[in-house]
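The values are calculated or read from the model by the stated rules, or taken from the named source; none is laboratory data. Here the structure is a predicted model, which is why all the values come from computation and not from measurement. All Cβ positions, glycine included, derive from the backbone under ideal geometry; neighbour counts span all protein chains shown. Please note that ligands, DNA and RNA were not included when accessible areas were found on the heavy atoms of the full protein model with its side chains. Shrake-Rupley method; radii C 1.70, N 1.55, O 1.52, S 1.80 Å.
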Amino acid sequence: MLSNLNVVSLYLDPQIRDWVLFPITLVMILVGILRHYVVILLQSPPKKLSRAAIREQRALVHSQVLRATSTNSPVPESFYKSISQNLSQAFTAGTYLKDGPPQGDAPSTPPNPLSDPNAMDGMMAGMKTQMVMMVPQMVIMGWINFFFQGFVLIKLPFPLTLGFKSMLQRGIETPDMDVRWVSSLSWYFLNFFGLNGLYRLILGGDNAADAARDMATPFAAGVPQAPGQAQDYNKLLIAEKDNLELAEGLYSWVGKDVEQRVLRRYGKFPPSS
Amino acid sequence: MDLPSALQKLSIYRSRNTRASQETFDKGLLVLKGNGLKKLGDEGWAFLEQLALAAIDVGRLDIADRCLQLLTEKFPGSPRVDCLNGIRKEVTESPEAALAYYNQLLEADPVNVAFWKRKISVLRRIGRIDEAVDELIELLDTFYTDVEGWLELADIYSSCHQYTSSLQSLSHVLLLAPQNPFYVLRFAETAYTAGDVPLAIKSFLNVIDMADSDEDAPIEQVPSGFQVRAWLGIKLCSRRLLQERRLPSPSQTPVPEHLQLIDELATERLKTVYAGRDKSDKEAHEILEWLSRG
């Protein structure tokens with residue numbers, strides 16, 4: 001009875017609904033859509049790699065293909081050995097590296113992302129999208145804080161426990177108001193995290209409108225490989241050499257006793273021998 | 001033939017990469033005349049590419065030019081259309097001009113495999129084999145997983161009688177596509193040509209092993225297609241090995257055991273293939289005679 005009275009006791013001006021609740025929601029949706037198109041405009045086409053860079057990236061594939069079948073390899077032993085040893089030598093000598101074999105005994109330092117122009121470009125692209133994410137959100141939040149601070153906008157149609165108070169009534173310091181009332185700032189946050197589904201509906205699955213996702217992964221936005229983690233291929237290839245040796249130990253040719261298998265299948269051989 | 005069935009056939013050709021140029025061309029023309037392009041929607045562009053290639057193949061350059069024009073209008077600057085344009089150039093212009101065109105494209109985009117491969121094929125066609133091989137090796141060193149490229153390299157080597165190098169290229173093909181018995185058969189035949197009989201017989205046996213591993217009682221089946229070829233290969237090898245056990249094997253492959261049994265099995269299998277045929281079949285007659293000589 002008491003709670004019923006409480007509910008009845010608070011009436012919201014319909015003007016709040018028309019001039020605050022709907023505008024906030026609409027503005028957030030529109031900004032999200034705008035952002036999607038701005039990000040598309042900002043995206044530079046993927047940089048074309050040079051032949052040497054692709055060769056370096058794909059060097060590992062050689063040995064992976066070789067190793068994948070090594071326990072039952074389709075190639076005879078002498079061919080397998082020559083491929084395997086050639087690869088080992090090339091990996092040790094660093095002939096697959098983009099910048100040629102490493103010089104002398106210089107300690108192999110991890111590549112500095114700031115010195116590589118390609119990585120720098122990637123980082124800049126990340127920063128740009130990041131800016132497009134952050135600036136409008138800050139502006140909207142400022143707008144809400146300035147004009148609608150302390151507004152109660154909406155009542156949820158279901159009861160909630162007290163724990164949700166800080167989530168739903170941010171900006172209103174009332175200890176005993178029903179948790180179902182939502183403040184303007186909280187409405188903003190609900191929209192911020194909850195509009196992704198709507199964007200997906202409007203813009204398709206692969207959209208750039210969702211702000212919450214980019215908050216989780218700064219800098220990496222839109223860049224397939226985080227530039228800070230540039231691979232040290234020299235180390236990778238030298239490590240792969242050990243794998244090659246291991247695979248060579250496990251090697252056996254699929255044709256090793258193929259004649260016995262064939263003869264057995266055709267019944268020329270007692271099956272158990 | 002009506003439009004829907006032509007469209008269906010064409011899309012099957014597209015997905016299987018079949019090069020049935022004349023049929024593709026006839027059906028494609030039907031579609032083009034029957035205004036099927038609009039019906040295809042986005043698929044229409046792939047169809048135009050297919051038709052252009054088929055038209056170039058059968059020498060109807062007017063149709064090819066029409067397709068190319070439509071494609072160029074829709075996708076200006078697309079590498080795929082550029083490549084088609086290059087193929088079109090290869091027909092009427094000198095190979096040098098086509099080569100210059102591909103070189104220019106490669107300069108702008110050095111890692112485009114399609115341009116690179118066209119350039120190699122032009123080089124091969126005008127007889128600059130050494131350059132073609134160099135380019136192809138560089139391509140394969142960068143894009144290792146390109147089975148087509150390795151097969152081409154093997155083919156170039158065998159056309160120059162470099163059978164050992166050809167075998168090496170084919171061994172990469174086997175690594176990349178270990179499930180394909182046709183490649184194993186090719187490996188075996190190349191090994192036989194290279195004079196490595198023990199390796200050849202092992203590889204032929206591998207083909208048989210791969211081909212019938214999903215049958216319950218292979219002894220009751222009549223071998224067909226490439227299996228006959230493999231059995232013929234086995235018979236050839238086993239006969240030579242029985243005459244002279246110490247044939248050289250550059251790959252140090254051991255001679256299989258139970259050679260006599262293998263030889264008998266191959267003879268028996270081949271007899272099941274050819275014995276049932278007509279007496280007037282000259283090929284069967286000769287093979288049966290050859291078998292009885294062993």
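A few notes on this one:
- Proximal charge balance of B:A98 [Cβ under 9 Å; K/R count +1, D/E count -1]: 0
- The long axis of helix B:197-211 is offset from the longest Cα principal axis of chain B by roughly 70 degrees.
- Solvent exposure of B:V255, expressed as accessible area, is near 40 Å², computed with a probe of 1.4 Å over the protein chains only.
- Accessible area of B:S292 in the full protein assembly, 1.4 Å probe (Å², nearest 10): 80
- Label positions at A:K81 and A:W143, each projected 7 Å from the Cα along the C-beta direction, are separated by 7.5 nm.
- With the convex hull drawn over the C-alpha atoms of region A:123-216, the volume per residue is 124 Å³.
- Under 22 Å from B:K27, Cα to Cα: lysines that are on another chain or at least 8 residues apart: B:K9, B:K38, B:K39
- Kirkwood-Stokes translational diffusion coefficient of region B:77-178, alpha-carbon pairs, 10 °C, 1.306 mPa s, µm²/s: 113
- Buried area at the A-B interface (accessible, heavy atoms, 1.4 Å probe, summed, Å²): 3600
- Near B:E286: Cβ cut-off under 12 Å, other residues only, Lys/Arg at +1 and Asp/Glu at -1. The net charge is 0.
- For chain B, the spread of Cα coordinates along the three principal axes comes to 67, 46, 33 Å, biggest extent given first.
- About the Cα centre, charge dipole magnitude for the protein assembly as shown (Lys/Arg +1, Asp/Glu -1 at Cβ), debye: 760
- Taking label positions 7 Å along the Cα-Cβ direction at both A:T92 and A:Q64, the computed distance is 2.5 nm, reported to one decimal.
- Peptide A:67-80 is shielded by partner chain Cβ atoms: per residue, an average of 6 of them sit within 10 Å of its Cβ.
- The peptide list A:182-192, A:124-134, B:280-290, B:198-208, put in order of mean Cβ contacts within 10 Å with the highest first, becomes B:198-208, A:182-192, A:124-134, B:280-290.
- Peptide B:168-180 - average C-beta neighbours from other chains (10 Å radius): 5
- Cross-link partners of B:K279 among lysines (Cα-Cα below 29 Å; sequence separation of 8 or more within a chain): B:K235, B:K271
- From helices alone, the protein assembly as shown scores -20500 deg cm²/dmol at 222 nm; the rule is -39500 (n - 2.57) for each run of n ≥ 4 DSSP H residues, then divide by the residue total.
- Summary of the geometry: region B:70-98 and region A:49-94, compared by the centres of their Cα atoms, lie 35 Å apart.
- Cβ neighbours within 10 Å from other chains - mean over B:183-196: 1
- Just so you know, the Rg over Rh for region B:29-125 is 1.00, from Cα atoms, with Rh as the Kirkwood radius.
- For the protein assembly as shown, the orientation-averaged shadow of the C-alpha convex hull comes to 42.9 nm² (one quarter of the hull surface).
- Label-point separation in nm, B:R293 to A:M127, each point 7 Å along Cα→Cβ: 8.1
- For region B:1-86, the pair-distance distribution built from all alpha carbon pairs, in bins 10 Å wide starting at 0, is 18, 56, 24, 1 percent.
- Of the whole protein surface, A:F164 contributes about 80 Å² of accessible area at a 1.4 Å probe radius.
- Put the Cα centre of region B:184-253 next to the Cα centre of region A:126-186 and the gap is 77 Å.
- Extension gain from A:S50 to A:T161, taking 0.36 nm per residue of separation minus the Cα-Cα distance: 34.0 nm
- Portion, in percent, of the accessible area of the protein assembly as shown that falls on carbon or sulfur, probe 1.4 Å: 57
- Ranked order, B:I12, B:I63 - accessible area, probe 1.4 Å, largest first: B:I12, B:I63
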